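Structure first, commentary second.
The values are calculated or read from the model by the stated rules, or taken from the named source; none is laboratory data. On a predicted model such as this, the values are computed, not experimentally measured, just so you know. Here Cβ is always computed from backbone atoms with ideal geometry, including for glycine, and neighbour counts include all displayed protein chains. Quick note on the areas: whole protein, heavy atoms, side chains included, nothing else; ligands and nucleic acids left out. Shrake-Rupley method; radii C 1.70, N 1.55, O 1.52, S 1.80 Å.
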Amino acid sequence: VIGAEGSDEENLVRAIDESVCEPARILSTAGLNCLARTDSGREIECTVRRVVRTLSRDSRNALVTGDRVLIQIVNDQQGVVERVEPRHGVLSRESGGREHIIAANVDQALIVVSADDPPLKPNLIDRFLVSSERGEVAPIICINKTDLVAPSDLQPIVGMYAQLGYRIVLCSGLNGVGIAPLQRMLRGKQTVLSGQSGVGKSTIINQIDPSLNLDTSSVSDWTSKGKHTTRRAVMYPIVANGWVIDTPGIRQLALWNVEREEVEGYFIEFRPFVPLCRFPDCRHTIEADCGVKRAVVAELISSQRYDSYLKILSDEQFDE
Ligand code: GDP
Ligand code: ZN
């Protein structure tokens, strides 16, 4: 170790002897330990060099699932995290007034819903989209269980989201339709998996990579050995070269840190119409002379999306 760089708070990258280190990704963390996977494909338990924690702006989030790191291999079983690279696409939630980072370097979110069983709820898609826009994570809408409905039933909803510019894939974990395009979309990316339970997330992922078994993989075994029984984010490498991040906290939707006033901004097609509202603080609900409501009447904004907006605004999390 050459030593830490100066005290510049913005510069948290340590200067270290990179020749004895290997680049890796953090698959899972538990307490002061983590499971890392080197770019050469070795999975290895690591501790974290104390200075890495000390240098971190927030020691609670010093190392999280999805982090890119440099590790020094100690022996076949052990390594030491020497450096955490700067992050992008951080998913976090607030707990006790502080930010808790769930996963880092998230490139995209796979929002899984089912065409039926449980029935398709566009409102839920819109909630996930708000969260993705908030986290600046590119969403992919995935409608699974298409074998249960007639293709024409899905045309309106597919058309609506495609027109908004969102990527949308139809698939079936039962007959394999749409799995190949999904595989291509996940290639080389760190993708977080979202969607309510029962829509077929595990089934799809096991189709994408048959060598994975989300429930019994070695990674979750490792995590369950940790002292921390709270279920954390776990990242799985997939054979097609990519990583899927699975966490109950992300599966069960929450609108992370979204303020009521921010919601309209995450309905991307509202943006051109908001400046046309008479009142600068218009919530587009009961106000007169509202540009958004006029656009709904003129069918420039889908009434389904507007209904979703109203539902989200009426959430108890926004009660004052
Ligand atoms: P998860 O909770 O989102 O991970 O959902 P699972 O992958 O556990 O799937 C829930 C149920 O839906 C299981 O009984 C699956 O067999 C079933 N299932 C998953 N994908 C499909 C599909 O494409 N079509 C049909 N008909 N059933 C599916
Ligand atoms: Zn308005």
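Brief remarks follow.
- Residue match in region 92-113 (condition: over 22 Å from W243 (Cα atoms), crowded, with 17+ Cβ neighbours inside 10 Å and either of a type in the set (V, I, T) or within 16 Å of ligand 1 (Cβ to nearest atom) (or both)): no
- Looking across region 178-201 at every residue that is surrounded by fewer than 18 Cβ atoms within 10 Å (Cβ to Cβ) and near ligand 1 (Cβ under 8 Å from one of its atoms), the one that is nearest to L129 (Cα to Cα) is identified as Q196.
- Only residues that are closer than 20 Å to M160 by Cα, within 9 Å of ligand 2 (Cβ to nearest atom) and open to solvent by less than 20 Å² (accessible area, probe 1.4 Å) were counted in region 267-284, giving 1.
- Matching residues, region 182-237, being modelled with pLDDT of 80 or more and β-branched (V, I, T): T191, V192, V199, T203, I204, I205, I208, V234
- Filtering region 17-60 to residues that are touching a Gly at 6+ places or on another chain (Cβ under 8 Å) and either open to solvent by 60 Å² or more (accessible area, probe 1.4 Å) or at pLDDT below 85 (or both) leaves G31, N33, E45.
- Selection from region 114-129 of residues that are aliphatic (A, V, I, L, M) and crowded, with 22+ Cβ neighbours inside 10 Å: A115, I125, L129
- Filtered by the rule that a residue be more than 29 Å from E259 (Cα to Cα) and either polar (S, T, N, Q) or touching a strand residue (DSSP E or B) at 6+ places or on another chain (Cβ under 6 Å) (or both), region 113-158 gives A115, N144, K145, T146, S152, Q155.
- Residue count for region 38-87, restricted to those that are part of a loop (DSSP other than H, G, I, E, B) and farther than 21 Å from A15 by Cβ: 10
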